[in-house]
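*Asks:* One structure, as C-alpha cells, below. Some questions next.
No lab work stands behind these numbers, since they all come straight from the coordinates. Quick caveat: nothing in here was measured; it's all calculated off a predicted structure. Because the Cβ atoms are built from the backbone with ideal geometry, glycine has one as well, and the counts that use them run over all protein chains shown.
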Number of protein chains: 2
Amino acid sequence: MHINQKEFEDRIDKFKEILKRSGIKLTHQRLEIYEEVARSVDHPDAETIFKGVRKRMPTVSLDTVYRTLWMLLDLGIITTLGTNHRKTRFDANVKGHHHFVCSNCGKTLDFYSREFDQLKIPNTMKMIGDVQKTQVIIEGICKQCQKKKNNY
Amino acid sequence: MHINQKEFEDRIDKFKEILKRSGIKLTHQRLEIYEEVARSVDHPDAETIFKGVRKRMPTVSLDTVYRTLWMLLDLGIITTLGTNHRKTRFDANVKGHHHFVCSNCGKTLDFYSREFDQLKIPNTMKMIGDVQKTQVIIEGICKQCQKKKNNY
DNA sequence: CTGACTGCAAAGGGTTTGCAGTGCT
DNA sequence: AGCACTGCAAACCCTTTGCAGTCAG
C-alpha cells in the first residue's frame, strides 16, 4: 500500500532541500532509500527497505541502508517506532499521529485524532522533564489476526 | 530505587500462585529473577536483571534469565517496553499506566493519570481491530539530561 | 579534484538453542 | 524416579565498523 502522489513528491522535495541545506551529498543510494521509506505506509524495517531498494538498484548494500536511515533520523526526516522483535521500524510520516499496534502480529497502523493531539499534560510532568511530544498507543488485535483465529 | 514492601510481597504471592496454577515449577532461579524485576521500578534490561540476580546467586546464567523473562511475559506477570537501543526492557508493573521516555538517554518512567486511563477510543478504531489497552507515551528530555546539557 | 560516500567483509552485541547434567514435585 | 529445568557453549540475527575504491559537487 502506498501514499498518494502529491504527498510523496512533497516529501521528496523536502528531503532534497534538507540535504542541500545540511551540506550532505545527494547520492543515488540516498534518494532511492528515502523514496522507499517515503512511499511506504507500513513502517518497514531496514531489511524490507533494503529489499525494496535492491529491486531498482541491485548493488546497494545493507549497511548503506542503515547508514542512510540513521542519517535521515538524525536530520528529523524520518522517525523510528519502538522496535518490534529486535528490528527497528522506520516511518516517513513526521506529522503528529498515533499508532495502533497489533499485539499478535506486531503490525502498526497510523491513525489521526484531533482529541489525542491535544491531551492535557499532567502537572507532575514538570518534575520529570521537558515534554517534546505526546503519543497515544492503542494495543489490540488487528482484523486480519481476528480472522485467522476464527478459523480454528 | 525500589517499590514499597507491601506491593512487593503482593507481587511475589501472585507470581507463586500463577506458577502453581499453570503447573510450572517454582525454582530458586525463577523466584530470584522475578524478585529482581518485581523490586525494580526502572524497567531494567535482561543484562541488568542478570547482574542483580547474580549477586545473590552467582551461578545463574544469562540464558536462564532470558528464558524466565519470556515465560513471565507469556504468563502476563510482566510486560515489555518498546525496545531501546536493541535491548528489551522489562516491567513488573502490569497495572494500567503511562510512560515518560527521555529521548536523549532512553530512560523510561511510569506515571499514572486517571484522565489518560479513560481516553475515548475513536470510532474508526472499529475498522482497524479490537482494542485491548490504551497507553500514552510522553517523550521529552528528563531532568538529568537537562542538567548535563546546561553544563556545556 | 578531493573529501564524502559506498560496498565488502568481518566484527559486535543482544538473544536463542542443543545438549548433557541437575533437582523439583 | 521422572521429567521439567539449568548452565554451558556455540549459533543466530540485526546492526556496526574498518578499509580501499568511487563519485557528487
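*Asks:* Taking only C-alpha pairs under 8 Å that are 6+ residues apart, what is the relative contact order of chain B in percent?
*Replies:* Relative contact order comes out at 18 percent.
*Asks:* Measure off 7 Å from each Cα along the Cα-to-Cβ vector at A:Glu7 and A:Ser103, then give the distance between these two points in nanometres to one decimal.
*Replies:* Label at A:Glu7, label at A:Ser103, 2.8 nm between them.
*Asks:* Could you work out, residue by residue across B:95-103, how many beta carbons of other chains sit within 10 Å of that residue's beta carbon, and then give the average as an integer? All intermediate terms of the calculation are to be shown ahead of the outcome.
*Replies:* Values: counts 0, 0, 0, 4, 1, 8, 4, 4, 4.
Averaged over the peptide's residues, the number is 3.
*Asks:* For peptide A:117-125, compute the average count of partner chain beta-carbon atoms within 10 Å of each residue's beta-carbon. Display every interim value, and only then the final one.
*Replies:* Working: counts 0, 0, 6, 3, 6, 10, 0, 4, 6.
Whole-number average of other-chain Cβ neighbours for A:117-125 is 4.
*Asks:* Shape of segment A:98-152 from its Cα gyration tensor (a ≥ b ≥ c, root eigenvalues): rounded if a/c is under 1.5, otherwise prolate when a/b > b/c, or oblate?
*Replies:* Because a/c hits 1.5 or more and a/b exceeds b/c, segment A:98-152 counts as prolate.
*Asks:* From the square roots a ≥ b ≥ c of the eigenvalues of the alpha-carbon gyration tensor of segment B:5-74, which class results: rounded (a/c under 1.5), prolate (a/b over b/c), or oblate?
*Replies:* On the way: a/c = 1.65, a/b = 1.21, b/c = 1.36.
It comes out oblate by the Cα gyration axes.
*Asks:* Partner chain Cβ atoms within 10 Å, averaged over the residues of A:134-147 - can you pull that number for me?
*Replies:* Other-chain Cβ atoms within 10 Å of each residue's Cβ, averaged: 5.
*Asks:* Please turn the phi angles of segment A:31-39 into ³J(HN,Hα) values with the Karplus equation 6.51 cos²θ - 1.76 cosθ + 1.60 (θ = phi - 60°), one per residue in order, whole Hz, x for glycine and proline.
*Replies:* 5, 4, 5, 5, 4, 4, 6, 5, 6
*Asks:* Order of B:Leu26, A:Leu119 from fewest to most other C-beta atoms within 10 Å?
*Replies:* B:Leu26, A:Leu119
*Asks:* If you wrap a convex hull around the C-alpha atoms of segment B:24-152 and split its volume per residue, what is the figure in Å³?
*Replies:* Looking at segment B:24-152, the number lands at 155 Å³ per residue.
*Asks:* So in chain A, what percent of DSSP beta bridges are antiparallel if you round to the nearest 5?
*Replies:* 70 percent
*Asks:* Whole-Hz Karplus ³J(HN,Hα) for segment B:62-70, in order, using 6.51 cos²θ - 1.76 cosθ + 1.60 and θ = phi - 60°, x for Gly and Pro?
*Replies:* Rounded to whole hertz, the list is 4, 5, 5, 4, 4, 4, 5, 4, 5.
*Asks:* Taking just the alpha-carbon atoms of the protein assembly as shown, what radius of gyration and Dmax come out, in angstrom?
*Replies:* Rg, Dmax (Cα atoms, Å): 21.5, 63.
*Asks:* Assuming 0.36 nm per residue, please report the length gained on full extension of the stretch A:Ser22 to A:Lys133 beyond their Cα-Cα distance.
*Replies:* Result: 37.5 nm gained on full extension.
*Asks:* How large is ³J(HN,Hα) for each residue in segment A:89-102, as worked out from phi by the Karplus curve 6.51 cos²θ - 1.76 cosθ + 1.60 (θ = phi - 60°), to whole Hz, x for Gly and Pro?
*Replies:* Using θ = phi - 60°, the values come out as 10, 10, 8, 8, 8, 9, 6, x, 7, 10, 10, 9, 10, 7 Hz.
*Asks:* Next up: Whose amide H sits under 5 Å from the amide H of B:Ser103, counting only residues 5 or more places off or on another chain, with H placed in the peptide plane?
*Replies:* B:Gly140, B:Ile141, B:Cys142
*Asks:* Just want the answer: with Cβ charges of +1 for Lys and Arg and -1 for Asp and Glu, which residue in A:His28, A:Asn104, A:Gln132 is farthest toward the dipole's positive end in segment A:26-152?
*Replies:* Farthest towards the positive end: A:Asn104.
*Asks:* Given only helices, namely DSSP H runs of n ≥ 4 each adding -39500 (n - 2.57), what is the per-residue ellipticity at 222 nm of the protein assembly as shown, to the nearest 500 deg cm²/dmol?
*Replies:* Values: 14 runs with 139 residues, N = 304.
Roughly -13500 deg cm²/dmol at 222 nm, from the helical runs in the protein assembly as shown.
*Asks:* Now a separate question. Counting DSSP beta bridges with both partners in segment B:98-150, what percentage is antiparallel, nearest 5?
*Replies:* Just about 50 percent of them are antiparallel.
*Asks:* I need A:Arg21, A:Arg89 ordered by Cβ neighbour count within 10 Å, fewest first.
*Replies:* The most exposed by this proxy come first: A:Arg21, A:Arg89.
*Asks:* Expressed as a whole number of Å, what is the distance separating the alpha-carbon centroids of segment A:96-152 and segment B:2-27?
*Replies:* 30 Å
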